[in-house]
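What follows is a single structure, written as structure tokens, with notes after it.
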Amino acid sequence: MKSRIDARFAALKAEDRAAFVAYVMAGDPNRATALDILKGLPAAGADLIELGFPFSDPMAEGPPIQKAAQRALKDGMTLKGVLDLAAEFRQGDDTTPLILMGYLNPLVTWGFEAFAQAASASGIDGLIVVDCPPEEADPLADALDAADISLIRLATPTTDDRRLPVVLRRTSGFVYYVSVTGVTGAKEADAEAVRPAVARIRAASGLPVAVGFGIRTPERAGAIAQVADAAVVGSALVDEVAEALERNEDVTARVLSKVRSLAKAVRLARVPPLPA
Amino acid sequence: MNAPTHPQAPPATPNDFAAYPDANGRFGQFGGRYVAETLMPLVLDLEAAYLATKEDAAFQAELNGLLTHYVGRPSPLYFAERLTDHFGGAKIYFKREDLNHTGAHKINNCIGQILLARKMGKTRIIAETGAGQHGVATATVCARFGLPCVVYMGAVDVARQRPNVFRMNLLGAEVTPVTSGASTLKDAMNEALRDWVTNVEDTYYLIGSAAGPHPYPMMVRDFQAIMGREIREQILEAEGRLPDAVVACVGGGSNAIGTFHPFLNDEQVRIIGVEAAGDGMGTDRHAAAINGGRPGVLHGNKTYLLQDAEGQITEAHSISAGLDYPGIGPEHSWLHDVGRAQYLTCTDTEALDAFKLCAELEGIIPALESAHAIARLSDIARDVGKGGVVVMNLSGRGDKDVATVADHLGRTI
Ligand SMILES: Cc1ncc(COP(=O)(O)O)c(C=O)c1O
């Protein structure tokens, strides 16, 4: 069976447009709202979904996602709870790829094999683990392979030609290019600086390349969508949650409205192909 | 394949402890390099640069010169006669790291790493600190070599270690209070890692304990092992034999591993670390990763950690800011698992009593961290017995702690 990730990127390639990837934190600000947001994401224009699972010490996260994880943990979210949320989403959507993103220790605690089987049964398609570089990833990769889940690798501005093959070993689905050195939500990605990196990674991997960590606005998302296969936005969406809470507004509506504006920018980014 | 938390077989005791870590930075199942991909090339570079210094005679000469003339090494090995009499067991010796420049063992590691940072062409230094001793030592070497220095320190620790914050400022360092999490050492380390991942070109992360991703646990151990080597020489001179036991308090584990490492292959020497038990091991307010935690991954390495059933890291609690950390260096986790070292605990109250006892009997005000090791000496000296010899690493002096202690005694100063 073709994976949901491969199918989605193939379909978008046929349309000649980049994917818009929405990152949300599972359980932020609470389970019910997070589920509402999740269910609304595809219609609002998210082509793929990255579902953050909270960790107490997210060392590559800036304040927005740190706080989102704290809100989710405070509301009682667990890794098991994240998979339940995913499974509930899957009941109404069998095509949008769902990628978990987080840190290693909750997975170590569960046990890689049991976790991978449970994740697969919940309709998870891919996994990104920020603090598990390829050198440490084999036991996890074995468990994910057995469960048909893609281990999505991160390439960064510090990944030189010598290191790139190490990073790409045993990867599938797509490659995530961290476009800035820094934590999430801090610096802004420069499309022109990103262009050669994306081309290099695409050539070396034969996989679609998603770009994230430095995209907050529709303008930036549009610019990145011209050079990459996918634009990922996380901190800016999570900030909408925080702001809605602060102003006592409808959290779901606020997040989905932001998703619509970002997704629109990604969809309009490339000039339609001329008829052959 | 099983997740690596479930070792297939009980680990066999290695016959050469000096051969660890392996090429992947592993001590058995512990250690490794669990960092964000952005940092991977940096830790690999660091490892190569560090290994090159071992063959670099000029580097070693400069290191030794500074340790002698700037730090004041070798530190004395002192026979604590009145404590020995008081406990009525084995002879007790203190390795006097409290007499070092800046008042603790932390400077040994900082001298080594600042020379390495210079050699690597780095122009900005960052560090995390708990008690502030490592922050002060880092600020000191940065002043000495004219490098800008940013120290991350939990806001709670900033409040309870005021004198050290001021010392760092005097030395020209910028102290950045960290308010995430419990605002203590763990959170300061998160923030330092976030700085490093942001400033990859020019910045050197000077980690203060034998923790973090490989090569830090190995490198910090090596720079601190000068203490254990000196103890070996000094005790042979004083007693004509090796000690029966070496004892040290364990936060991240640098003063302990530096003391222990040169003795690991001497089977007859008992190796004893003391973890902080805070309010007590029966409570959830302690900082004893080995005695009260289980293996997991945090801050770049696999090691024993305080964590809940879900793998969320829990807050550590100790009266001593330098021990207030939910993890422990990976080599200690391994020494525990293979049975080469023993890890005891000591509560806040016991540490305070030992603090006072040491001041009154020996005229030495120890760091609260070191007081945790002193507190266990009574049992250890009795266990080893008369005619035996115990060496304890007095890792630092207690000037920084007098306000905390006064507070606990209900006194105002
Ligand atoms: C005097 C002293 N001893 C011990 C420690 C604990 O650190 P480690 O376990 O790395 O020696 C500290 C940390 O600040 C300290 O200042």
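The values are calculated or read from the model by the stated rules, or taken from the named source; none is laboratory data. Fair warning: this is a prediction, and the values are worked out from it, not measured in the lab. Cβ sites come from the backbone with ideal geometry, for glycine too, and all protein chains shown count toward neighbours. Accessible surface is based on the protein model in full, side chains and every heavy atom, while ligands, DNA and RNA are left aside. Shrake-Rupley method; radii C 1.70, N 1.55, O 1.52, S 1.80 Å.
Checking the range A:219-227 against the condition returns no match, with no residue being polar (S, T, N, Q), in a helix (DSSP H, G or I), surrounded by 18 or more Cβ atoms within 10 Å (Cβ to Cβ) and out of contact with any His (no Cβ under 9 Å at 6 or more places or on another chain). Identify, please: which residue in the range B:298-323 is charged (D, E, K, R) and surrounded by fewer than 24 Cβ atoms within 10 Å (Cβ to Cβ) and is, among those, modelled with the lowest pLDDT? This residue is B:Glu315. Taking the criterion of being in contact with a helix residue (DSSP H, G or I) (Cβ under 7 Å, 6 or more places away or on another chain) and surrounded by fewer than 19 Cβ atoms within 10 Å (Cβ to Cβ), the residues of the range A:30-44 that qualify are A:Leu35, A:Asp36, A:Lys39, A:Gly40. Residue check: B:Asp383 meets all listed conditions (1) open to solvent by 30 Å² or more (accessible area, probe 1.4 Å); (2) over 22 Å from B:Ile235 (Cβ atoms) but one, namely (2). Just checking, how many residues over the range A:165-176 are in a strand (DSSP E or B) and either touching a helix residue (DSSP H, G or I) at 6+ places or on another chain (Cβ under 6 Å) or of a type in the set (A, V, I, L, M, F, W, C) (or both)? Summing the residues that are in a strand (DSSP E or B) and either touching a helix residue (DSSP H, G or I) at 6+ places or on another chain (Cβ under 6 Å) or of a type in the set (A, V, I, L, M, F, W, C) (or both) in the range A:165-176 gives 1. Residues of the range A:130-145 that are crowded, with 20+ Cβ neighbours inside 10 Å and facing chain B (nearest Cβ under 9 Å): A:Val130, A:Asp131, A:Cys132, A:Pro133, A:Pro134, A:Glu136, A:Leu140, A:Ala143. Looking at the structure I just gave you, is B:Val389 open to solvent by less than 10 Å² (accessible area, probe 1.4 Å) and modelled with pLDDT of 95 or more? It is true that B:Val389 is open to solvent by less than 10 Å² (accessible area, probe 1.4 Å) and modelled with pLDDT of 95 or more. When residues in the range A:93-116 are screened for being among the polar types (S, T, N, Q), open to solvent by 10 Å² or more (accessible area, probe 1.4 Å) and away from chain B (no Cβ under 12 Å), 1 of them pass. Which pairs have Cβ atoms under 8 Å, sit 6 or more apart or on different chains, and link a residue in the range B:295-308 that is more than 11 Å from B:Lys186 (Cβ to Cβ) and more than 10 Å from chain A (Cβ to nearest Cβ) to one that is among the polar types (S, T, N, Q) and not in a strand (DSSP E or B)? Correct list of pairs: B:Thr303/B:Ser333; B:Tyr304/B:Ser333. Quick check, is B:Thr283 assigned by TED's automatic domain parsing to the domain that holds B:Asp383, surrounded by fewer than 24 Cβ atoms within 10 Å (Cβ to Cβ) and more than 16 Å from the ligand (Cβ to nearest atom)? Yes. Looking at B:Ala131, B:Ala188, B:Ala127, just one residue is within 14 Å of another protein chain (Cβ to nearest Cβ), touching a residue at least 60 places away in the same chain (Cβ under 8 Å) and under 30 Å from B:Thr38 (Cα atoms), and that residue is B:Ala188. Every test in (1) within 25 Å of B:Thr203 (Cβ to Cβ); (2) in contact (Cβ under 8 Å) with a residue 24 or more places away in the chain; (3) open to solvent by less than 10 Å² (accessible area, probe 1.4 Å) is passed by B:Met40 save one, and that test is (2).
Filter the range B:138-164 down to residues that are out of contact with any Leu (no Cβ under 9 Å at 6 or more places or on another chain) and outside any helix (DSSP H, G or I) and give me whichever is nearest to the ligand (Cβ to nearest atom).
Here the residue is B:Gln161.
When residues in the range B:309-325 are screened for being farther than 20 Å from B:Met219 by Cβ and either within 13 Å of the ligand (Cβ to nearest atom) or more than 13 Å from chain A (Cβ to nearest Cβ) (or both), 8 of them pass.
For the range A:250-262, check the following and say yes or no: at least one residue is part of a helix (DSSP H, G or I) and under 20 Å from A:Leu127 (Cα atoms).
Step one: filter the range A:250-262 for residues part of a helix (DSSP H, G or I), giving A:251-262.
Retained after the next criterion (residues that are under 20 Å from A:Leu127 (Cα atoms)): none.
For the range A:250-262, residues part of a helix (DSSP H, G or I) and under 20 Å from A:Leu127 (Cα atoms): absent.
Among the residues of the range A:151-190, the ones that are facing chain B (nearest Cβ under 7 Å), at pLDDT below 95 and open to solvent by less than 20 Å² (accessible area, probe 1.4 Å) come to 2 in all.
In the range B:324-334 there is no residue that is open to solvent by 30 Å² or more (accessible area, probe 1.4 Å) and touching a residue at least 40 places away in the same chain (Cβ under 8 Å).
Can you tell me which residues in the range B:103-135 are on the phi > 0 side of the Ramachandran plot and either open to solvent by less than 10 Å² (accessible area, probe 1.4 Å) or among the basic types (Lys, Arg) (or both)?
B:Gly103, B:Gly132
So which strands (runs of 3 or more DSSP E) stay within the range B:52-137 end to end and still have 3 or more residues that are closer than 19 Å to B:Val150 by Cα and within 16 Å of the ligand (Cβ to nearest atom)?
On the way: elements: B:77-79, B:91-96, B:124-129.
The strands (runs of 3 or more DSSP E) meeting that bar are B:124-129.
Tell me, which residue of the range A:191-218 that is within 14 Å of chain B (Cβ to nearest Cβ) and assigned to a loop (DSSP other than H, G, I, E, B) is most open to solvent (accessible area, probe 1.4 Å)? Selected residue: A:Phe213. Is there any pair with a first residue in the range A:50-65 that is free of Cβ contacts under 8 Å to residues at least 40 places away in the same chain and a second that is assigned to a loop (DSSP other than H, G, I, E, B) whose Cβ atoms are under 6 Å apart and which are 6 or more apart or on different chains, and what are they? Close Cβ pairs satisfying both conditions: A:Ser56/B:Gln312.
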